[in-house]
Amino acid sequence: KFWNRVIFPIMDVNNRVIGFGGRVMGDGKPKYLNSPETTIFDKSRNLYGLNVARTTRKNYLILCEGYMDVISMHQAGFTNAVASLGTALTSGHASLLKRYTQEVLLLYDSDDAGVRAALRAIPILREAGVSSRVVNLKPHKDPDEFMKGLSPEAFKERIEQAKSSFFYEVDNLMKEYDMNDPESKTSFMNEVAKKCLTFDNEIERTNYMEAFCREYSVRTEDFKKLVAYHSARIVGIDYEKRRQERMMKTARQKEDGIAKSQGVFLTWLSNDPVLFEKTKGILSAEDFVDEPYHEVAQMIYEQYETTGKVEPAMIISKFQSKEEQSLVAGIFNKELKEISK
């Protein structure tokens, strides 16, 4: 399986080997290949290099994309680097990181794929309660190239200059809009306002709002009003959604209750034919509207009018499939048990 590949032992946080990764020598595909997943080797809940990085004295961890990136970082003295095991960052990874740090520096490739990966990772980390910043590697593509082209000292400077994940998202969002066009710029401001609402802590949200206004030369009061507007809309939408869900739930319960009542009454009819005479002119087979009650009611009324009695076995046998027969039998048997209690 790993023929012609460089093998990377993958260890858990307790330094136990749980799997292997293999990088192909040459141009074969796939470039990286991992051991099959097992109960022990769960790629979504383990991070390469965490067995070393967890002992770091730094108050942050560096999240890379691959094995070679982690090895290059460790060789350069940055032993707090880790990487996911050939998969995108998951909530499981974020929860694992949360155990060892409050902040993560994202060190993904500087190409478009790396940018997309960083933008996917940021909200996952935020949801887990981990703050993040993004390190700029340009003009180099990845950490390995950076270390070979510059130096560990240069990388320390890049760490100090790492951009807040919020502003990294905003900067990339701005690329999608024409800031010289009033309508496009307004759309951009609306999207940033919505993004501010992802911060649950009010003080943190206010700090980011004010920082955004300073960075992009926006009037603070105007932007706060915009955020408040979107907040009110979200609250209104949530309220309306909850109201509709309650109405639908009530309607379903009402429908279930009516259907159940139809089944119960059919059971009474089948066991006490006197009810046919007592309800004559008040109820008929057409009053049972839910299936299979409607079809069963027609058969019950037809039997009574023809023979003066009801025979459930004959009605059940008229249905072809076992599922239908079981459902109809429930009308005569299940409901009787409930009535007798």
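Structure data summary
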item	result
Cα-based shape type of region 25-152, given that a ≥ b ≥ c are square roots of the gyration tensor eigenvalues and the cut on a/c is 1.5	rounded
Region 66-123 shape via C-alpha gyration tensor axes, a/c threshold 1.5	oblate
Radius 10 Å from Cβ of Ala193, net charge of other residues (Lys, Arg +1; Asp, Glu -1)	+3
Residues whose placed amide H lies under 5 Å from that of Ile62, excluding near-sequence neighbours	Ala81, Val82, Leu105
For region 34-48, 3J(HN,Hα) per residue [Karplus equation, 6.51 cos²θ - 1.76 cosθ + 1.60, θ = phi - 60°, Hz, x = Gly/Pro]	10, 4, x, 6, 9, 4, 7, 9, 10, 4, 7, 10, 9, 10, 5
Carbon and sulfur %, accessible surface of the chain computed with the full protein complex present, 1.4 Å	51
Cα gyration tensor shape for region 75-208, rounded if a/c is under 1.5, else prolate or oblate	oblate
Relative packing of 16-23, 194-201, 93-100, 281-288, which averages over residues the other C-beta atoms within 10 Å, highest first	93-100, 16-23, 194-201, 281-288
Local electrostatic count, Gly308, Cβ distance below 14 Å [Lys/Arg +1, Asp/Glu -1]	-3
Local net charge near Asn46, Cβ-Cβ under 15 Å (Lys/Arg +1, Asp/Glu -1)	+3
Calculated FRET value between Ile18 and Arg116, using beta carbons and R₀ = 35 Å, to 0.05	0.75
Size descriptor, Kirkwood hydrodynamic radius, that averages inverse alpha-carbon separations across the chain, Å	26.2
Built amide H within the under 5 Å cut-off of Phe20, gap 5+	Ile10, Ser35
Per residue value of the accessible surface for the chain (all protein chains in place, 1.4 Å probe), Å²	60
Potential lengthening between Ser187 and Leu327 on full extension [0.36 nm per residue; Cα-Cα distance subtracted]	44.9 nm
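The values are calculated or read from the model by the stated rules, or taken from the named source; none is laboratory data. As the structure is a prediction and not an experimental result, all values here were calculated from the model. Every residue, glycine among them, receives a Cβ derived from its backbone with ideal geometry; neighbour counts consider all protein chains shown. The area values use the complete protein model at the heavy-atom level, side chains included, leaving out ligands, DNA and RNA. Shrake-Rupley method; radii C 1.70, N 1.55, O 1.52, S 1.80 Å.
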